[in-house]
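The values are calculated or read from the model by the stated rules, or taken from the named source; none is laboratory data. Just so it is clear, the structure is predicted and the values come from calculations on it, not from any experiment. Methodologically, a virtual Cβ is constructed for each residue, glycine included, from the backbone with ideal geometry; neighbour enumeration extends over all protein chains shown.
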Amino acid sequence: MRILLLRIEKELTAKIVKHFKPCDCSIDVFTDASKVFDAIYEKIYDVVILTIEAPDFSALEITKQIRENKIRIPIILITKLLDFDYLKCGYEFGCSDYLREPFELEELRYRLFQSARHCHFDTDENILYLNDKFIYDLNKYQLSKNNLTINLTSKENKIIQYLVKRVCRCCTVEEIAEFLSEDKEVNCSTVRMHIKRIRDKCGKHLIKCIKGVGYRICRDIPE
């Protein structure tokens, strides 16, 4: 999981980075709020953690900006401020969760993973309904249609997982290649080959190709 953290206070930043390291999380730390929005467009993040600190309330403005641009990434706000208006403003602007300091790092971890799941999948259920009547089981990591399981290779399933986590968002070939390269480097041609094989198995309606941009999977509503 890749996390963006906007944090000025160094001691807590170090503790958060250390706490999440065993969880297979990569954290990019920013101290300059003006660079956060551009970073979200340049990289794929699973969760954004922003700090509201007086007199700089840029975290609230960034939250608003992210939502106005229809970016569905989970946002967790952290603050020492006790004024209820900040909490109210954060939720109105579209944050996924809100933590007041001091807090236990384990609580942050729990809220982070919950926010990531709920925001990416937009559901509390374990079954995600996709376009063209495909169903993805989040417990079994299994794709099916009409009660028939689609036989996917490990790499093909990882591509489906990646696109499902970013449902309705167009992902570039380069982003998918970077995701698949955790164990062994994968190039863009290999990604296109895997997607072609998935489309051979599932048809052309599950994974949409946006010419010159990338690929996406969208949700459907069950009848």
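Just to be sure before I move on: is ILE78 surrounded by 20 or more Cβ atoms within 10 Å (Cβ to Cβ) and either touching a residue at least 60 places away in the same chain (Cβ under 8 Å) or more than 20 Å from ILE44 (Cβ to Cβ) (or both) in the structure I sent?
Yes: the conditions hold for ILE78.
Condition first: assigned to a helix (DSSP H, G or I), in contact with a helix residue (DSSP H, G or I) (Cβ under 9 Å, 6 or more places away or on another chain) and among the charged types (D, E, K, R). Now tell me which residues in region 1-17 satisfy that.
Within region 1-17, just LYS15 meets the criteria.
Would you check if there is a residue in region 209-217 being in contact with a Phe, Trp or Tyr (Cβ under 8 Å, 6 or more places away or on another chain) and either closer than 29 Å to ILE75 by Cβ or surrounded by 18 or more Cβ atoms within 10 Å (Cβ to Cβ) (or both)?
Of the residues in region 209-217, the ones in contact with a Phe, Trp or Tyr (Cβ under 8 Å, 6 or more places away or on another chain) are 209.
From the residues that got through so far, the ones that are either closer than 29 Å to ILE75 by Cβ or surrounded by 18 or more Cβ atoms within 10 Å (Cβ to Cβ) (or both) too are none.
No - not one qualifying residue is present in region 209-217.
Which residue out of GLU9, GLU42 is at pLDDT below 80, under 28 Å from GLU174 (Cβ atoms) and not polar (S, T, N, Q)?
Within the list GLU9, GLU42, the selection yields GLU42.
Pick from region 112-142 the residues that are part of a helix (DSSP H, G or I) and modelled with pLDDT of 85 or more: which of them is surrounded by the most Cβ atoms within 10 Å (Cβ to Cβ)?
Here the answer is LEU112.
If you take the residues of region 193-208 that are part of a helix (DSSP H, G or I) and in contact with a helix residue (DSSP H, G or I) (Cβ under 6 Å, 6 or more places away or on another chain), which of them is surrounded by the most Cβ atoms within 10 Å (Cβ to Cβ)?
Here the residue is ILE198.
Being part of a helix (DSSP H, G or I), hydrophobic (A, V, I, L, M, F, W, C) and within 20 Å of TYR41 (Cβ to Cβ) is the filter here; which residues of region 144-192 pass it?
Result: LEU163, VAL173, ILE176, ALA177, PHE179, CYS188.
Give me the pairs, please: first residue somewhere in region 103-119 and farther than 11 Å from ILE78 by Cβ, second residue anywhere and assigned to a helix (DSSP H, G or I) and at pLDDT 75 or above, beta-carbon distance under 6 Å, and either six or more positions apart or on two chains.
LEU105/HIS19
Does LYS158 satisfy being surrounded by fewer than 19 Cβ atoms within 10 Å (Cβ to Cβ) and over 30 Å from GLU9 (Cα atoms)?
So LYS158 passes the test.
Scan (1) modelled with pLDDT under 80; (2) charged (D, E, K, R); (3) over 30 Å from GLU182 (Cα atoms) for the single condition ASP85 breaks and write down its number.
Of (1) modelled with pLDDT under 80; (2) charged (D, E, K, R); (3) over 30 Å from GLU182 (Cα atoms), only one is false for ASP85: (1).
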